[in-house]
1. Looking at region 24-67 only, could you name the residues that are out of contact with any helix residue (DSSP H, G or I) (no Cβ under 7 Å at 6 or more places or on another chain), closer than 19 Å to residue 10 by Cα and of a type in the set (A, V, I, L, M, F, W, C)?
2. On the given criteria, is residue 80 acidic (Asp, Glu), modelled with pLDDT under 90 and not in a helix (DSSP H, G or I)?
3. Any residue in region 37-51 that is surrounded by 13 or more Cβ atoms within 10 Å (Cβ to Cβ), more than 18 Å from residue 78 (Cα to Cα), touching an Asp or Glu at 6+ places or on another chain (Cβ under 7 Å) and among the basic types (Lys, Arg)?
4. Looking at (1) in contact (Cβ under 8 Å) with a residue 12 or more places away in the chain; (2) in a loop (DSSP other than H, G, I, E, B), find the lone condition where residue 34 falls short.
5. Hey, could you check region 57-71 for residues that are at pLDDT below 90 and in a loop (DSSP other than H, G, I, E, B) and say which is farthest from residue 19 (Cα to Cα)?
6. In region 16-31, which residues are out of contact with any Phe, Trp or Tyr (no Cβ under 9 Å at 6 or more places or on another chain), within 17 Å of residue 74 (Cα to Cα) and assigned to a helix (DSSP H, G or I)?
7. Scan 33, 75 and give me the residue that is in contact with a strand residue (DSSP E or B) (Cβ under 7 Å, 6 or more places away or on another chain) and surrounded by 11 or more Cβ atoms within 10 Å (Cβ to Cβ).
8. Testing residue 13 on (1) part of a loop (DSSP other than H, G, I, E, B); (2) surrounded by 12 or more Cβ atoms within 10 Å (Cβ to Cβ), one condition comes back false. Which one is that?
Amino acid sequence: MFGLNQQAKEHALDYVERLCLPFPPKTKKRLGDVIVGATRGTSIEKRSQDKMKAMGYSVKKTGGFLGLGKTTLVDTGSDED
């Protein structure tokens with residue numbers, strides 16, 4: 001669903017936590033990479049980062065002098081988790 005249109009991505013974010021916790025074996029990194037790739041630069045990027053943080057991914061704000069140029073990094077980990 002993350003590969004479809006904006007509305008499908010929003011619905012996928014609504015249900016991903018319920019469907020994927022606990023994570024099936026060897027899927028945490030792949031799922032995280034798909035979510036980050038599908039939502040980067042969209043209007044739901046912040047929402048997806050909040051959802052990923054709730055799911056146990058590491059989400060950190062970095063960089064930026066005086067608050068300028070801040071970016072958010074999402075560590076999707078490895079499939080060894």
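The values are calculated or read from the model by the stated rules, or taken from the named source; none is laboratory data. Just so it is clear, the structure is predicted and the values come from calculations on it, not from any experiment. Glycine also receives a Cβ, built like all others from the backbone with ideal geometry; neighbour counts cover every protein chain displayed.
1. 34, 36
2. Taking the combined requirement at face value, the residue satisfies it.
3. Yes - at least one qualifying residue is present in region 37-51.
4. Of everything listed in (1) in contact (Cβ under 8 Å) with a residue 12 or more places away in the chain; (2) in a loop (DSSP other than H, G, I, E, B), residue 34 misses just condition (2).
5. Checked region 57-71; the qualifying residue farthest from residue 19 (Cα to Cα) is 66.
6. 17, 29, 30
7. Details: 33 fails: in contact with a strand residue (DSSP E or B) (Cβ under 7 Å, 6 or more places away or on another chain).
One residue alone meets the criteria, 75.
8. Answer for residue 13: the failing condition is (1).
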